[in-house]
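I have placed the structure first, in the form of structure tokens, so that the comments after it can refer back to it.
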Amino acid sequence: MSEQEHSVNKDKRELKTYQEARLQNTENLRKLVVDAAATILQEEGPEAVTVRKVSQKMGCSTKIIYSLFVNKEGLAQQLYLDGCKIMAREFEATPALADPREHLLALGETYWQFAQRYTSYYKLMFGGAFGDFKPDEESLQGTVTAMRQLIYVVGSAQQQGLLSASAPADTVEIVRLVWGALHGVIHLQMGGHLGDVPSAYATYQQTLSLLSSTLFAKQDS
């Protein structure tokens, strides 16, 4: 094939129909709107994210936002999924340790740091900061994906027979127990119930250590 023929074929492959181009532009616009909402979320908190404020930041009418996301809850869902991606990235960046117990402690530390660094996302995802917004099936699956590192560590420990005999048999149930306890401390900290951040962090570390010791009791026997 000549260079000219190759160029012509390449051009043909890159041609888009009107509908394809329109869809691509819509998706690009949706991303820009979510980025604008995420900026407001991080800078001013979940309560500041309104359709009107996002439209002002974008320099467009509220009708455009509604046409893309239907309502504020649709926008909240996209922010929720963004938060899941960030959390997954943070967990995946946590160095894997050969000892599942130490790995669990490391992931627990990562979860605390995520909540502190991305507080507004955390409040949106797990703190009910978006009023009546409830995660749908897609959003909940995003949470599971974000938690897959934790699920893997617990499952690996089970397979190796490292967990206490009193631990639940179901891997996901164990993860929920760990997650629930750690979230409880963070939620109390964000509500100002555990004193300053260092005091709350000390409580968090003690909770994480206690959970780990209880789950891996067989290692200490």
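General remarks:
- Looking across segment 84-124, the residues that are of a type in the set (Phe, Trp, Tyr) and either free of Cβ contacts under 8 Å to residues at least 60 places away in the same chain or not in a loop (DSSP other than H, G, I, E, B) (or both) come down to PHE91, TYR111, TRP112, PHE114, TYR121, TYR122.
- Test: residue in segment 129-141 that is modelled with pLDDT of 90 or more and either under 22 Å from SER209 (Cα atoms) or surrounded by 14 or more Cβ atoms within 10 Å (Cβ to Cβ) (or both): no
- Sole residue being β-branched (Val, Ile, Thr), more than 18 Å from the chain's Cα centre (by Cα) and within 15 Å of LEU105 (Cβ to Cβ), chosen from THR214, THR203: THR214
- Residues of segment 178-202 that are surrounded by 12 or more Cβ atoms within 10 Å (Cβ to Cβ), in contact (Cβ under 8 Å) with a residue 24 or more places away in the chain, aliphatic (A, V, I, L, M) and over 19 Å from GLY128 (Cβ atoms): VAL178 alone.
- Sole residue being closer than 21 Å to MET125 by Cβ, touching a Phe, Trp or Tyr at 6+ places or on another chain (Cβ under 8 Å) and acidic (Asp, Glu), chosen from GLU47, GLU73: GLU73
- Only one of the listed residues (GLY155, GLY184, GLY161) is outside any helix (DSSP H, G or I) and not hydrophobic (A, V, I, L, M, F, W, C). That residue is GLY161.
The values are calculated or read from the model by the stated rules, or taken from the named source; none is laboratory data. Remember, predicted model here, so these are calculated numbers, not experimental data. When we count neighbours, we look across all protein chains shown, and the Cβ atoms used for this are built from the backbone with ideal geometry, even at glycine.
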